[in-house]
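Okay, so here's the structure we're looking at.
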Amino acid sequence: MKKNKNPHLKNTSSLRAELGQDLNTLKRLDTRGKLQFLWDYYRWRFLVCVCVVVIVGMFAHMLWEGQKPCRLRVCVVLNTEDDCGAWFRKFTQELKSDGKEGDVDVNQDQPFDYDNRYYYLYEVEVMTTISSKRMDVAICGADMYRYLLALNACLPLDTALSEDLVSYLSEKEMLCFDTANLTEDENGNVDLNDGIDGYFAINLSETEFEKTYNQTNEKKEPLYAVIIANTQHLADSVALIQALAAP
């Protein structure tokens, strides 16, 4: 009689025997003993299963969110710890009064601070968000605005906004004239010839939004609003800029 040399069948038999032995042990234990036994011998398998379920759930949620119609994606990096959700809920309600489908997605969880030792991670996160076209408008402080300029990610506002709105912003001295596309080479040098001049942001000082969400006891830092250059929702981005510019 030939012996079974299939290692798969041998391992399967061993696992069945081990499982049967564990089941017999569980039958002899009380409830507390069963829980202790499962934790002692199976906790790593349970933890792996939980991690797999969480990861699959996260990816499923991301796919679901990606399929939902969205009219505008806004990244808000305030100089304070305030929550501007109430302002955006009101804006969303007014925006959707035209009957078009889609929500306004507001991300208030993106940190950006060059005083933080992990600032380079913030840069990667912002760059990835922009390249994947998940940011239409940025409301941010000076640090993130400087980085957006270096990426040349800011849409020139004098080409995107109406003449009347540009005139109004110019009259209120809210348009910011800056130079974009200036980056350092490996030696830390900047070639000024690569710079692109233009009106890339509006300064939100003295606006209702800024007075509500940028008040601190310390020295007040500026707050800017920028339309991202690769936006696919220009009309709604302009609508947001107009709402933010309201005194």
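The values are calculated or read from the model by the stated rules, or taken from the named source; none is laboratory data. Small disclaimer: the values here were computed from a predicted structure and weren't measured. Glycine also receives a Cβ, built like all others from the backbone with ideal geometry; neighbour counts cover every protein chain displayed. Ligands, DNA and RNA are stripped out before the accessible areas are found, and what is left, the full protein with its side chains, is counted by its heavy atoms. Shrake-Rupley method; radii C 1.70, N 1.55, O 1.52, S 1.80 Å.
Structure values in brief
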{"quantity": "Test result for Gln215, out of contact with any strand residue (DSSP E or B) (no Cβ under 9 Å at 6 or more places or on another chain), loosely packed, with under 12 Cβ neighbours inside 10 Å and not hydroxyl-bearing (Ser, Thr, Tyr)", "calculated": "yes"}
{"quantity": "Members of the stretch 171-194 that are of a type outside the set (Asp, Glu), free of Cβ contacts under 8 Å to residues at least 60 places away in the same chain and touching an Asp or Glu at 6+ places or on another chain (Cβ under 9 Å)", "calculated": "Leu175, Phe177, Thr179, Ala180, Asn181, Leu182, Thr183, Val190"}
{"quantity": "Complete set of residues in the stretch 118-161 that are in a loop (DSSP other than H, G, I, E, B) and in contact (Cβ under 8 Å) with a residue 60 or more places away in the chain", "calculated": "Lys133, Arg134, Met135, Asp136, Gly141, Asn152, Ala153, Leu155, Leu161"}
{"quantity": "Ile241 being part of a helix (DSSP H, G or I), closer than 20 Å to Gln108 by Cα and modelled with pLDDT of 95 or more", "calculated": "yes"}
{"quantity": "Selection count, the stretch 218-247, where residues are open to solvent by 10 Å² or more (accessible area, probe 1.4 Å) and either closer than 18 Å to Leu72 by Cα or charged (D, E, K, R) (or both)", "calculated": "17"}
{"quantity": "Some residue of the stretch 195-206 being free of Cβ contacts under 8 Å to residues at least 40 places away in the same chain, open to solvent by 30 Å² or more (accessible area, probe 1.4 Å) and within 22 Å of Glu81 (Cα to Cα)", "calculated": "yes"}
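Let's see how each residue does on (1) over 30 Å from Ala153 (Cβ atoms); (2) modelled with pLDDT under 80:
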residue: Asn6; (1), (2): yes, yes
residue: Leu15; (1), (2): yes, yes
residue: Leu29; (1), (2): yes, yes
residue: Arg32; (1), (2): yes, no
residue: Leu35; (1), (2): yes, yes
residue: Gly85; (1), (2): no, no
